[in-house]
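**Q** Please find one structure pasted underneath; my questions will follow.
The values are calculated or read from the model by the stated rules, or taken from the named source; none is laboratory data. A quick note: this is a predicted structure, and the numbers were derived from the prediction, not measured. Methodologically, a virtual Cβ is constructed for each residue, glycine included, from the backbone with ideal geometry; neighbour enumeration extends over all protein chains shown.
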Amino acid sequence: MEVAVIGINHNNSPIEVREKFFFSESMKIESSDQILDKSTKEIIIVSTCNRSEIYVASDNIDLSIDEVKEFYKEFFKFSQAEDYIFVKKRRDAVVHLYMVAAGLDSMVLGEDQILGQIRESMTFSMNLGFSKKVLNRLFMDAIFEGKKIRSKLKISEIPLSTSYIGINLLKKEIGSLNGKKALIIGAGEIGTLAIKYLYEEELEQIYVTNRTYEKVKEICKDFDKLTPIEYDVRYDILENIDILITATGAPHTIITHRDIKKLPNRLYILDLALPRDVDPKIGEKENVILYHNDDLQKCQKKIY
């Protein structure tokens with residue numbers, strides 16, 4: 001049995017393309033079922049802000065690759081999908097996964113989160129029976145080697161994540177975050193990291209909200225100076241803050257162009273989600289400076 005990876009990632013696809021190919025958990029199940037009905041024997045889907053990659057094991061790897069490429073076009077209803085799809089098979093697929101696990105194929109070089117995302121992807125497929133002996137062993141080895149590479153290259157000595165790089169971008173553009181006010185929308189790992197880094201910047205006030213208010217209350221237990229707000233009033237305080245950071249798992253925009261009124265003061269928006277949380281047209285509004293994931297790579301080079 002041979003292996004391959006067929007996917008779309010930040011190396012050849014802008015964010016407006018990548019967000020079309022994001023897999024939710026339910027979509028992973030549906031997609032895996034469809035692909036396994038054909039020539040593919042095992043499958044693991046890795047879907048993050050920077051990549052949607054389908055790893056397969058098959059007795060006829062070339063046929064399996066063709067089927068997955070066709071799946072991308074049909075499932076996501078995007079006829080130009082093949083213009084952005086890359087394919088690596090056999091040894092090249094293994095090397096690619098090792099590079100991803102080590103953080104060497106990330107938009108933010110050496111990012112901390114990807115290793116956990118790879119582990120979660122493997123566990124998800126393994127528990128549902130989508131991956132078995134071949135891909136499970138490949139992913140476990142990649143995780144092990146990824147840790148060794150990070151340690152050898154001392155990548156982990158610098159805390160790298162999209163949240164970390166994004167907040168450094170804001171510091172560069174604003175000058176100082178001291179005394180500023182911010183709203184964080186999203187109570188997952190990325191949003192929590194953003195709060196952690198903002199705490200080090202001595203902001204005057206940090207608001208936090210999430211569609212599920214119970215998650216907000218959990219975060220507030222760990223960060224005593226947070227101000228929780230109800231999700232439905234998120235627009236109401238935009239004119240009173242300097243920074244908006246969004247990092248939700250919503251499949252659609254949660255900050256829309258039509259719902260933002262004219263702002264009296266400059267608002268910096270950092271959209272760390274994929275699909276994007278913030279309508280890109282908002283960046284054209286007066287007094288709004290909008291950044292998303294594709295802006296972070298430029299900032300990282302300046303941090304070093």
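**Q** When residues of the range 187-209 are filtered for being within 20 Å of His252 (Cα to Cα) and either charged (D, E, K, R) or at pLDDT 95 or above (or both), how many remain?
**A** From the range 187-209, those within 20 Å of His252 (Cα to Cα) are 187-191, 208-209; that's our starting set.
Retained after the next criterion (residues that are either charged (D, E, K, R) or at pLDDT 95 or above (or both)): 189, 208-209.
Residues that pass the stated criteria total 3.
**Q** Considering Asp271, Asp295, Asp279, which residue is closer than 15 Å to Asn168 by Cα, at pLDDT 90 or above and within 19 Å of the chain's Cα centre (by Cα)? So that I can check it myself, show each step before the final result.
**A** Working: Asp295 fails: at pLDDT 90 or above; Asp279 fails: closer than 15 Å to Asn168 by Cα.
Unique residue meeting the criteria: Asp271.
Residues checked against (1) more than 29 Å from Ile219 (Cβ to Cβ); (2) touching a strand residue (DSSP E or B) at 6+ places or on another chain (Cβ under 6 Å); (3) in contact (Cβ under 8 Å) with a residue 24 or more places away in the chain:
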position: Ala93; (1), (2), (3): yes, yes, yes
position: Arg119; (1), (2), (3): no, no, yes
position: Met140; (1), (2), (3): yes, no, no
position: Ser151; (1), (2), (3): yes, no, no
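**Q** If you don't mind, another one. Would you pick out the residues in the range 46-67 that are of a type in the set (A, V, I, L, M, F, W, C) and over 19 Å from Val95 (Cβ atoms)? Explain how you work it out, then say what you get.
**A** Let us first name the residues in the range 46-67 that are of a type in the set (A, V, I, L, M, F, W, C), namely 46, 49, 54, 56-57, 61, 63, 65.
Residues satisfying the conditions are Cys49, Leu63.
**Q** With the checklist (1) of a type in the set (Phe, Trp, Tyr); (2) more than 24 Å from Ser24 (Cβ to Cβ); (3) touching a Ser or Thr at 6+ places or on another chain (Cβ under 6 Å) in hand, flag the one item Tyr235 doesn't pass.
**A** (3)
**Q** Mind checking whether some residue in the range 56-74 is farther than 16 Å from Met122 by Cα and under 17 Å from the mean Cα position of the chain (by Cα)? Explain how you work it out, then say what you get.
**A** Step one: of the range 56-74, the residues farther than 16 Å from Met122 by Cα are 58-74.
If we keep only those that are under 17 Å from the mean Cα position of the chain (by Cα) too, we end up with none.
No, every residue in the range 56-74 fails to be farther than 16 Å from Met122 by Cα and under 17 Å from the mean Cα position of the chain (by Cα).
**Q** I've got another one for you. Condition (residue is under 18 Å from the mean Cα position of the chain (by Cα), in a helix (DSSP H, G or I), under 23 Å from Glu30 (Cα atoms) and of a type in the set (A, V, I, L, M, F, W, C)) applied to the range 122-136: is it met by at least one residue?
**A** Looking for residues that are under 18 Å from the mean Cα position of the chain (by Cα), in a helix (DSSP H, G or I), under 23 Å from Glu30 (Cα atoms) and of a type in the set (A, V, I, L, M, F, W, C), one finds at least one in the range 122-136, hence yes.
**Q** Of the numbered conditions (1) of a type outside the set (Val, Ile, Thr); (2) in contact (Cβ under 8 Å) with a residue 12 or more places away in the chain; (3) in contact with a helix residue (DSSP H, G or I) (Cβ under 8 Å, 6 or more places away or on another chain), Ser79 fails exactly one; give the number of that condition.
**A** (2)
**Q** What strands (runs of 3 or more DSSP E) lie completely within the range 38-112 and have 2 or more residues being assigned by TED's automatic domain parsing to the domain that holds Met140 and among the hydroxyl-bearing types (Ser, Thr, Tyr)?
**A** On the way: elements: 40-47, 51-58, 86-89.
Filter on the range 38-112 gives 40-47, 51-58.
**Q** Please indicate, with yes or no, whether at least one residue in the range 58-70 is surrounded by fewer than 24 Cβ atoms within 10 Å (Cβ to Cβ) and under 30 Å from Ser163 (Cβ atoms).
**A** no
**Q** Of all residues being hydroxyl-bearing (Ser, Thr, Tyr) and out of contact with any strand residue (DSSP E or B) (no Cβ under 9 Å at 6 or more places or on another chain) in the range 193-225, which is nearest to Gly116 (Cα to Cα)? Just the residue, please. Talk me through it step by step, then tell me what you get.
**A** Initially, the range 193-225 is screened for residues hydroxyl-bearing (Ser, Thr, Tyr), giving 197, 199, 207, 209, 212-213.
Right, trim to out of contact with any strand residue (DSSP E or B) (no Cβ under 9 Å at 6 or more places or on another chain) and you get 197, 212.
On the way: Tyr197: 20, Thr212: 23 Å.
Result: Tyr197.
**Q** Then there's this: Take Ser125 and tell me if it is touching a residue at least 60 places away in the same chain (Cβ under 8 Å) and hydroxyl-bearing (Ser, Thr, Tyr).
**A** Details: touching a residue at least 60 places away in the same chain (Cβ under 8 Å): yes; hydroxyl-bearing (Ser, Thr, Tyr): yes.
In short, yes.
**Q** Given (1) surrounded by 14 or more Cβ atoms within 10 Å (Cβ to Cβ); (2) part of a strand (DSSP E or B); (3) not charged (D, E, K, R), identify the lone condition not met by Tyr197.
**A** With (1) surrounded by 14 or more Cβ atoms within 10 Å (Cβ to Cβ); (2) part of a strand (DSSP E or B); (3) not charged (D, E, K, R) applied to Tyr197, the lone miss is (2).
**Q** Note down all Cβ pairs under 8 Å where the first residue falls in the range 258-275 and is assigned by TED's automatic domain parsing to the domain that holds Tyr291 and more than 24 Å from Leu296 (Cα to Cα), the second is assigned to a strand (DSSP E or B) and not charged (D, E, K, R), and they're at least six residues apart or on different chains.
**A** From residues that are assigned by TED's automatic domain parsing to the domain that holds Tyr291 and more than 24 Å from Leu296 (Cα to Cα), the pairs are Ile260/Val288; Leu263/Val288.
**Q** Can you spot a residue in the range 176-193 that is assigned to a helix (DSSP H, G or I), surrounded by 15 or more Cβ atoms within 10 Å (Cβ to Cβ), outside the structural domain of Gly103 (by TED's automatic domain parsing) and among the small types (Gly, Ala, Ser)? Please lay out each step first, then the result.
**A** So in the range 176-193, the residues assigned to a helix (DSSP H, G or I) come out as 189-193.
Subset that is surrounded by 15 or more Cβ atoms within 10 Å (Cβ to Cβ): 189-193.
The next check asks that each one be outside the structural domain of Gly103 (by TED's automatic domain parsing); those that pass are 189-193.
Now narrow it down to the ones that are among the small types (Gly, Ala, Ser): 191.
Within the range 176-193 (the criterion being assigned to a helix (DSSP H, G or I), surrounded by 15 or more Cβ atoms within 10 Å (Cβ to Cβ), outside the structural domain of Gly103 (by TED's automatic domain parsing) and among the small types (Gly, Ala, Ser)), the answer is yes, since at least one residue qualifies.
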